[in-house]
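Taking it in order: structure first as structure tokens, then the write-up.
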Amino acid sequence: MKAVGARLPRYDGLGHVTGRTAYVDDVRVAGMLWTKALRSPHHFAAVRSVDTRKAEELAGVHAAVTHADVPKNLYGHLEALGVPADEPLLADGEVRYKGQPIAAVAAEDEATALAALDLIEVEYEEREPFFDVRKAFDPDAPRIHPWGPVYPHFGPHDHRRIRKGDVAAAFDRADLVVQGVYRPTAIEHCPVEPQTGLAVPEVHGRLTIYSCTQAMYFSMGVVAAHLEWPLNKLKFVGGTVGGGFGGKVDTATETICALLAIKSQRPVKWRWTREEEFLASSTRAPWHMEIADAVTSDGWIIGRRMLTLHDAGAYTRFSSYGLTKHSFHHTGAYTIPNLDFNGYVVYTNRVPTTAMRGFGVTSISFATEMQMNRIAKVLDLDPWEVRLKNANRVGDTSANWVALSDPSTVPVVQAAAKRVGVELKPEFRLMTKDRRSGDLLPDHLVEQLVSTDGGES
Amino acid sequence: MAKHRGRGISTIEYPTGMNQNGDPSQAWVKLKPDGRVDVFAGTVDIGQGSRTVHTQIVADTLGVPYDWVTMDNTNTDSSPICTGSFASRGTFIGGNAVRFAAEKARERILDIASKELEVDASDLEIADGEVVAKGAPQKKIGIPDVAAAATWTYGELITGTGAAFKPYAAVDDDTGRVEIEPHSAISYAACVADVEVDDETGDVRVLRLVQVYDVGRAINPLLVEGQIEGGAMMGLGLGVLEAAYPYYPSVEHRGEQYGSYLAPSMQDLPEFDNVILENPSVDGPFGAKAIGEMANNAQPAAICSAIHDAVGVWITECPATPERVLRALDERAEPRRDGKRVVFDEDSSVRGVSSSGGRSNGAGFQLVDG
């Protein structure tokens, strides 16, 4: 019997529906302590002092940590590529979002840990927060980071850019220019299992970390970087996740559990509350996208200008990665030969945004498809036909000059039309994904083609 | 005051694997002395079913029954690196890692079987847990006997390792151009949304979603349908329900529990019609492409376009809440026409909102019409 192609049930389904799956929170270890974190009550403030001495003296408290306890406090996901780290594990000098962790304690139970937080003394100096990415360059905009309002590390530029073809000529030639603004908002990952971690110090100095991460090696690398430890001193145990959707690519609990476990030499668990999950966990990014398309009256899109502002929240995390992916896919499933794209990662005083299902592309799918339907409406054309006409075809190149070897835009559109009983005109019903020719190879699409020998024509 | 129906469509594409590549997944396969198979890989099953899919891939690559294969993805001591379960990379990149490892183990099985059967390894094939001589089906040996021979006769471990990796694709920061493909296979989908909009309450109901996905090859159609329908519910949440900041960019009224945050639930479930197209990739396991992430990308635009079809207003700020729909119905905004320009949504643009037009001190955003 062939397994591939079979409708086999998932191996974990039975355990999930009978309550027998063991998640991280189901792991209980003798002597285990519980963690709570002191989080910023302000969107933006200077932190003049943090004093944990009274908290540490409370009966039942075994350890407290602040930024001073972290061997390498600042972390950035792109350090290996030369981008400076920008996010502290525990706030040092400044808090840039409400809910940002400043200190953490490990105690015999959650109630004691919570009581200890009240004994931590922090002096804040509140600052005016900033939330609207569109105002980032206004002269009176609060300055969140010393280097300015946007992420500055796209090579020599402070924005990701795409330049292809001759966009000015396309806009001159266009019969109409259709312009719109698209703003899909932030949403929560909303996993049923909140962020949970458990760090267990082993007798020979290793740490075993039970984690709900979506990426064990990735999170192990983050913990190792903060601790400045080699990987053989850490063992991640995981592989079972109660909902991730991208939010558990962030390493949320593991490093602080590790620090408290090292300091107390006790197993340390941190289980976020539902309120923490909503208020302090990362979200999908809100995006601001402005598109102007140069179109012909018969439905060709011959050029696109686009401005994207990606709301990173307070720190970069994966934002520059997501924006680059966004830029590579900013023409959607269509071939637009003349492009001018500028995308910015803009900082605001909200929780850092992060990966979420479709990262970087969910936004552009919304913007591009709304724009397509508007173009069809403005031109009084059939939205199915406008899609098929501009669809990616074999031999076309994408925004970043990737040769498309087997695009399925045409087959999926045709299949959807058939499924809902839409009768396409014969030239659209019989269209294929094959290389362009004839009426489907107008002058404006010649230069973007790759030649059949693999090079560009 | 009435309920109006409308239809909207969208078409999307989505790449497999991390953008710009550089994201390894590795795996290790070994046989127990009775021929049962252990797979070690670090790929986390986040509910998408990757462990089941990887087990299917190993079973068919080796030619053994599915229930002979056990996968251990529980820890970093026994599993080699997997970059992680994100970027729609599990089935394709993680799946290739276990496939490559199984192919190596398969070679070792054939080597041992070749000695036992005294038939050249190239003349052997494996099916249903047996190694059989091509053209001479009576000459065969079960994989349990091959594994036993390896263990007790030859003193060997039948094993194989696999590593799936595509090198980092650098980007030209001036043009965005790449010299090598910065992803693996691209998947495609189309979505048709039928909605009902109440012009008195602003309520939008998604009645039906017809969705077509080219997934290359459905390793497990049941799990593909799970992704299509589960993803669609997330897309529906994006389109009409969910907002971390209901009055974005303001942070006021942020929900802090399930009761004050509208995630989709069973009452929002539309009728589904799923179509799986299989246009195989050249380099994915058994021709597979990805579906994980793209499954929530097509619905918001299809739904918001359907709202326009129903009541004639464009909702371009998601989600299309009753408040937004009612405000749009009140305003009935028409685009500004200026020569050949047709300008929608001017009030929410950078130019419309920032005091500097987005260009303080000569620097700043490069506007689309500037």
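Selection of first residues in region A:223-246 that are at the interface with chain B (Cβ under 8 Å from one of its Cβ atoms) and on the phi > 0 side of the Ramachandran plot and of second residues that are assigned to a loop (DSSP other than H, G, I, E, B) and acidic (Asp, Glu), restricted to Cβ pairs under 9 Å at least 6 apart or on distinct chains, gives the following pairs, ordered by first then second residue: A:Gly243/A:Glu193; A:Gly246/B:Glu293.
B:Glu242 meets the conditions (1) under 19 Å from the mean Cα position of the chain (by Cα); (2) buried (at least 17 other Cβ atoms within 10 Å of the Cβ) in every case but one. The failed one is (1). Restricting B:Ala105, B:Ala133, B:Ala113 to those that are within 41 Å of the chain's Cα centre (by Cα), more than 19 Å from B:Leu31 (Cα to Cα) and surrounded by 18 or more Cβ atoms within 10 Å (Cβ to Cβ) reduces the list to B:Ala133. Count of region B:36-84 residues, restricted to those that are more than 8 Å from chain A (Cβ to nearest Cβ), among the aliphatic types (A, V, I, L, M), more than 21 Å from A:Phe236 (Cα to Cα) and touching a Phe, Trp or Tyr at 6+ places or on another chain (Cβ under 8 Å), is 1. Determine whether B:Pro144 is more than 14 Å from every other protein chain (Cβ to nearest Cβ), exposed (fewer than 15 other Cβ atoms within 10 Å of the Cβ) and not in a loop (DSSP other than H, G, I, E, B). When the stated conditions are applied, B:Pro144 does not pass them. Scanning region A:183-227 for residues that are of a type in the set (Ser, Thr, Tyr) and more than 18 Å from the chain's Cα centre (by Cα) yields A:Thr196, A:Thr208, A:Tyr210, A:Ser211, A:Tyr217. Of the residues making up region B:62-72, not a single one is under 22 Å from the mean Cα position of the chain (by Cα), within 28 Å of A:Ala6 (Cα to Cα) and small (Gly, Ala, Ser).
All conditions but one from (1) of a type outside the set (A, V, I, L, M); (2) touching a helix residue (DSSP H, G or I) at 6+ places or on another chain (Cβ under 7 Å); (3) closer than 30 Å to A:Ala186 by Cα; (4) assigned to a loop (DSSP other than H, G, I, E, B) apply to A:Gly205; the one that does not is (3).
Consider A:Pro156 carefully, then state whether it is under 26 Å from B:Thr175 (Cβ atoms) and of a type outside the set (Phe, Trp, Tyr). The answer is yes for A:Pro156. On inspection, B:Ala333 passes the criterion of being over 24 Å from B:Met233 (Cβ atoms), more than 10 Å from chain A (Cβ to nearest Cβ) and either in contact with a helix residue (DSSP H, G or I) (Cβ under 8 Å, 6 or more places away or on another chain) or surrounded by 14 or more Cβ atoms within 10 Å (Cβ to Cβ) (or both). Consider region B:352-364 and keep the residues that are under 12 Å from A:Lys135 (Cβ atoms) and in a helix (DSSP H, G or I). The one that is farthest from the chain's Cα centre (by Cα) is B:Ser360.
Of all residues in region B:158-201, exactly one satisfies the criterion of being touching a helix residue (DSSP H, G or I) at 6+ places or on another chain (Cβ under 9 Å), of a type in the set (Gly, Ala, Ser) and surrounded by fewer than 19 Cβ atoms within 10 Å (Cβ to Cβ), namely B:Ala163.
With respect to the conditions (1) farther than 30 Å from A:Phe44 by Cα; (2) within 10 Å of chain B (Cβ to nearest Cβ); (3) surrounded by fewer than 24 Cβ atoms within 10 Å (Cβ to Cβ), A:Tyr321 lacks only one, and its number is (1).
Of all residues in region A:70-87, how many are closer than 20 Å to A:Met220 by Cβ and either at pLDDT 95 or above or assigned to a loop (DSSP other than H, G, I, E, B) (or both)? So the count comes out to 11.
Within the option set A:Gly360, A:Gly303, being surrounded by 24 or more Cβ atoms within 10 Å (Cβ to Cβ), over 23 Å from B:Val353 (Cα atoms) and without any contact (Cβ under 8 Å) to a residue 60 or more places away in the chain holds for one residue only, A:Gly360. When B:Leu222, B:Leu269, B:Leu209 are checked against the criterion of being modelled with pLDDT of 95 or more and more than 30 Å from A:Ser281 (Cβ to Cβ), B:Leu222 stands alone in meeting it. Reported count of residues in region B:286-313, each being touching a Lys or Arg at 6+ places or on another chain (Cβ under 9 Å) and more than 8 Å from chain A (Cβ to nearest Cβ), is 9.
Among the residues of region A:302-361, those that are among the charged types (D, E, K, R) and under 27 Å from B:Cys191 (Cα atoms) comprise A:Arg304, A:Arg305, A:Lys325, A:Arg357.
Only one of the numbered conditions (1) more than 7 Å from chain B (Cβ to nearest Cβ); (2) touching a residue at least 40 places away in the same chain (Cβ under 8 Å); (3) within 21 Å of B:Val212 (Cα to Cα) is not met by A:Arg387, and that is (1).
A single entry from A:Leu90, A:Leu8 fulfils the requirement of being part of a loop (DSSP other than H, G, I, E, B), modelled with pLDDT of 95 or more, on the phi < 0 side of the Ramachandran plot and more than 14 Å from every other protein chain (Cβ to nearest Cβ): A:Leu90. Under the condition of being surrounded by fewer than 23 Cβ atoms within 10 Å (Cβ to Cβ) and at the interface with chain B (Cβ under 9 Å from one of its Cβ atoms), which residue from region A:136-149 is farthest from A:Thr397 (Cα to Cα)? Per the criteria, the residue is A:Asp140. Criterion applied to A:Glu427, A:Glu369 was being part of a helix (DSSP H, G or I) and more than 9 Å from every other protein chain (Cβ to nearest Cβ), and the one residue passing it is A:Glu427. Pick from region A:115-152 the residues that are in a helix (DSSP H, G or I) and under 30 Å from A:Val61 (Cα atoms): which of them is nearest to the chain's Cα centre (by Cα)? Among residues in region A:115-152 that are in a helix (DSSP H, G or I) and under 30 Å from A:Val61 (Cα atoms), the one nearest to the chain's Cα centre (by Cα) is A:Leu117.
The values are calculated or read from the model by the stated rules, or taken from the named source; none is laboratory data. Given the structure is predicted, the values throughout are model-derived calculations rather than measurements. Virtual Cβ from ideal backbone geometry, glycine too; neighbours counted across all protein chains shown.
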